[in-house]
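The values are calculated or read from the model by the stated rules, or taken from the named source; none is laboratory data. Since this is a predicted model, take the numbers as computed values, not measurements. Note: ideal-geometry Cβ built from the backbone for every residue, glycine included; neighbour counts use all protein chains shown. With ligands, DNA and RNA removed, areas are computed over all heavy atoms of the protein, side chains included. Shrake-Rupley method; radii C 1.70, N 1.55, O 1.52, S 1.80 Å.
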Amino acid sequence: MGILSSLKRSSILHLMLGITFFTSGLIINFFQCILYFGLRPFSKYFYRKINYYLCYSFYSELVCMAEWWSGSDIIFYIDKKDYEKYYGRENVYILMNHSYEIDWLIGWVACSRFGVLGNCKAYAKKSILYIPALGWAWKFAESIFLERNWNKDKNVIGKQIKELLDYPDPIWLLLYAEGTRVTPKKIEACQKFAKEKNLPILKYHLTPRTKGFICSIPNMRGKSIAIYNIQVAFKESDPVKPTMTNLLLGKKVEAHMYMKRIPLSEVPEDDDAAADWLHKLYQEKDYMMESFHKTGDFFATSGVAKPDTFILNRSYASLFNTIFWFVVVLVPMIYYLIKLFLSGSTLYFSIGVGILLIFYLLMDKTIQMSEISNSSSYGAADAKKIE
């Protein structure tokens with residue numbers, strides 16, 4: 001066990017994982033690009049069917065890191081009847097808190113266990129579109145990229161949701177209604193704004209931005225889709241903090257995930273009433289988070305009824321997929337790097353070092369993007385823009 005722990009802390013092994021992830025991502029991007037321009041114009045159905053497996057293959061490498069490499073797990077709180085009837089079988093619009101560096105990855109792990117990982121989508125900053133491998137995969141997966149310019153974004157949202165609801169298999173679309181990850185500074189700004197506008201004052205969430213939600217819902221009415229209210233939390237007393245760095249080091253974290261299915265018909269059709277509905281939902285989420293932080297339980301003081309508790313089995317598919325890419329990428333990569341280093345040529349040696357440096361910087365940049373200290377200032381810079 002000591003040897004395994006030492007290996008998980010090895011920077012060389014981390015670099016090998018990074019090389020595998022980004023190289024496999026670029027290979028997958030290549031095939032996605034061919035299919036996007038060569039197949040999609042003639043058959044969106046078959047393009048999306050094939051792209052599901054390409055996306056799954058790429059995303060599941062990070063899922064493998066979370067659930068197999070680090071051994072992390074999720075305790076689910078779900079109504080058993082809803083779980084058996086709906087989960088993994090319908091289109092879903094997700095409203096989830098954005099409180100941790102890895103809440104999105106925990107969401108991917110959940111999607112994997114419900115069998116929808118290849119079709120999980122999200123509203124994302126347009127800047128992510130330009131990140132090699134991951135951003136390009138999201139583009140070909142038809143995620144919704146926003147510029148945070150409402151005049152442009154409202155048209156993008158309507159068009160993309162109609163496209164996504166035309167998928168042959170269930171899709172899960174994630175909206176972080178808070179707009180950015182929670183920090184104390186942003187909470188303070190939002191509390192000030194909420195007080196001025198007579199909105200619920202939240203302690204653990206940012207005031208939700210309602211425009212994207214209100215714009216999205218009308219495009220879903222009449223379609224087969226439900227809202228899932230998801231709350232993710234980690235106990236503050238846990239010795240390992242929920243960060244990408246800790247997962248990469250092979251340290252286990254345990255997430256608690258509450259999931260409640262809400263029929264779309266429960267959202268009022270009037271825009272103002274729909275905005276009030278969202279604010280009330282986040283007030284309930286805040287009560288749950290307060291209860292969790294004080295008692296270690298979502299339900300002890302929140303007034304929310306406790307549903308059934310699940311621990312779903314990990315899938316071996318993510319493990320086998322990652323091993324496959326590890327072999328396919330690293331065997332030829334190590335062979336050619338060794339040839340470069342032993343060539344005796346300063347130029348070839350420099351090329352080898354440059355290749356390793358590029359992969360290291362890509363991995364480091366990806367980890368930095370997940371860190372709370374590097375989250376966007378959206379929500380804190382100008383609280384008056386919250387709507």
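Mind checking which residues of the stretch 1-16 are open to solvent by less than 40 Å² (accessible area, probe 1.4 Å) and among the polar types (S, T, N, Q)?
Across the stretch 1-16, the qualifying residue is only SER10.
Sort out which residues of the stretch 314-333 are buried (at least 16 other Cβ atoms within 10 Å of the Cβ), of a type in the set (Phe, Trp, Tyr) and modelled with pLDDT of 95 or more, and write them in order of number.
Residue satisfying the conditions is TRP325 alone.
Among the residues of the stretch 348-371, write down those that are at pLDDT below 80 and either open to solvent by 60 Å² or more (accessible area, probe 1.4 Å) or polar (S, T, N, Q) (or both).
TYR348, PHE349, ILE351, VAL353, ILE358, TYR360, LEU361, LYS365, THR366, GLN368, MET369, SER370
Looking at LYS162, is it within 25 Å of ASN91 (Cα to Cα) and free of Cβ contacts under 8 Å to residues at least 24 places away in the same chain?
no
With respect to the numbered conditions (1) within 26 Å of LYS235 (Cα to Cα); (2) buried (at least 16 other Cβ atoms within 10 Å of the Cβ); (3) β-branched (Val, Ile, Thr), which one is the sole condition not fulfilled by ILE75?
Exception for ILE75: condition (2).
On the basis of being over 30 Å from TYR167 (Cα atoms) and either modelled with pLDDT under 90 or under 17 Å from the mean Cα position of the chain (by Cα) (or both), does VAL253 make the cut?
Taking the combined requirement at face value, the residue satisfies it.
Which of the residues spanning the stretch 201-237 are in a loop (DSSP other than H, G, I, E, B) and among the basic types (Lys, Arg)?
Within the stretch 201-237, LYS203, ARG209, ARG221, LYS223, LYS235 qualify.
Does ILE157 fit the bill of being open to solvent by less than 30 Å² (accessible area, probe 1.4 Å), at pLDDT 90 or above, touching a strand residue (DSSP E or B) at 6+ places or on another chain (Cβ under 8 Å) and not in a loop (DSSP other than H, G, I, E, B)?
Answer is yes for this residue.
Do we find a residue being free of Cβ contacts under 8 Å to residues at least 60 places away in the same chain, aliphatic (A, V, I, L, M) and either surrounded by 12 or more Cβ atoms within 10 Å (Cβ to Cβ) or farther than 30 Å from VAL353 by Cα (or both) anywhere in the stretch 243-259?
Within the stretch 243-259, none of the residues are free of Cβ contacts under 8 Å to residues at least 60 places away in the same chain, aliphatic (A, V, I, L, M) and either surrounded by 12 or more Cβ atoms within 10 Å (Cβ to Cβ) or farther than 30 Å from VAL353 by Cα (or both).
Pick out, from the stretch 65-140, the helices (runs of 4 or more DSSP H) lying fully within it that include 1 or more residues that are over 19 Å from MET259 (Cα atoms) and of a type in the set (Phe, Trp, Tyr).
134-140
Being under 23 Å from the mean Cα position of the chain (by Cα), surrounded by 13 or more Cβ atoms within 10 Å (Cβ to Cβ) and not in a helix (DSSP H, G or I) is the filter here; which residues of the stretch 265-313 pass it?
Across the stretch 265-313, the qualifying residues are PHE298, PHE310, LEU312.
Can you find even one residue in the stretch 17-27 that is open to solvent by less than 20 Å² (accessible area, probe 1.4 Å), farther than 17 Å from VAL328 by Cα and not polar (S, T, N, Q)?
no
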